[in-house]
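I have placed the structure first, in the form of structure tokens, so that the comments after it can refer back to it.
The values are calculated or read from the model by the stated rules, or taken from the named source; none is laboratory data. Since the structure is predicted, the reported quantities are computational estimates derived from the model, not experimental observations. Positions of Cβ are generated from backbone atoms using ideal geometry, with glycine treated the same way; all protein chains shown enter the neighbour counts.
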Amino acid sequence: MSAIAMVLNNIRSLILNAKHTFSDDEIAILTNHEIGVHMVTTMNGLQQPLKIFSHGFPNNVETQEGLAVFSEYMSDNLTLKRLKELAYRVIAVDGLAKGYSFSKTFRMLVNLYNLHKEEAFYITVRVHRGGGFTKDHLYLTGLKKVYDYYKQGKDLSLLLTGKVSIEYIKEISYLIDKKNAIFSKHITSSFSNNKNSNKTIDFILNNLK
């Protein structure tokens, strides 16, 4: 298990890496990211009359991970260090797409970006697991889309109705209007009040391309 924690939708459970010792900051992130979003959208999706809400809309991973990191932001747990880590993952995925080997990706992160060897190894393992896993490049793009959606004053609860994609927000509203879907029963508490106190984070997210 390369991740320190993950939600398994099929058994509705949060799985923790037994080999990892969690800091207080990691517990705060875990609470908002894994439970506050991934578990919430799992439970909401299972209550929908249409299976697509639990099976997943097209491109739902980008929105789901964006929501999860956005929950970190709203609860004042998104740090510059965390944003940098997400950016390094994108760089590692880009290397993978270019055909870099495990060792070349690792050396790039250490020698070119001055990452500590342990952190570089963890990121490289995440990206190269199973022969190559590119999911990590979606976290920042998903965060940017959800952040812009929020800044436009749109309803975040619609994105919690299940494993949905932000691109299908009009269709989700239509299904609810036609009684083919229901509003979110479980709501992520961090979305009700923006507690972010780091203006640098706002500056980065506002200008992220």
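Hey, does the stretch 167-184 have a residue that's at pLDDT 95 or above, within 20 Å of the chain's Cα centre (by Cα) and farther than 22 Å from Gln47 by Cβ? Scanning the stretch 167-184 turns up at least one residue that is at pLDDT 95 or above, within 20 Å of the chain's Cα centre (by Cα) and farther than 22 Å from Gln47 by Cβ. Taking the criterion of being within 15 Å of the chain's Cα centre (by Cα), modelled with pLDDT under 95 and either basic (Lys, Arg) or assigned to a helix (DSSP H, G or I) (or both), the only residue of the stretch 73-82 that qualifies is Arg82. Scan the stretch 153-208 for residues that are outside any helix (DSSP H, G or I) and touching a residue at least 40 places away in the same chain (Cβ under 8 Å) and the total you get is 20.
Checked against (1) modelled with pLDDT under 90; (2) at positive phi; (3) in contact with an Asp or Glu (Cβ under 9 Å, 6 or more places away or on another chain), Arg12 meets all criteria but (3). Contact map, the stretch 115-138: first residue touching a residue at least 40 places away in the same chain (Cβ under 8 Å), second residue assigned to a loop (DSSP other than H, G, I, E, B), Cβ cut-off under 8 Å, separation 6 or more or different chains; pairs are Tyr122/Ser2; Val125/Ser2; Arg126/Ser2; Arg126/Ala3; Arg126/Phe133; Arg129/Ser2.
Within the stretch 78-101, if we keep just the residues that are among the hydroxyl-bearing types (Ser, Thr, Tyr) and either touching a residue at least 12 places away in the same chain (Cβ under 8 Å) or touching a Cys at 6+ places or on another chain (Cβ under 7 Å) (or both), the residue that is farthest from Phe121 (Cα to Cα) turns out to be Thr79. When the stretch 20-63 is filtered for residues that are assigned to a helix (DSSP H, G or I), surrounded by 16 or more Cβ atoms within 10 Å (Cβ to Cβ) and over 15 Å from the mean Cα position of the chain (by Cα), the ones remaining, listed by number, are Met43, Asn44, Gly45, Ile52, Phe53, Ser54.
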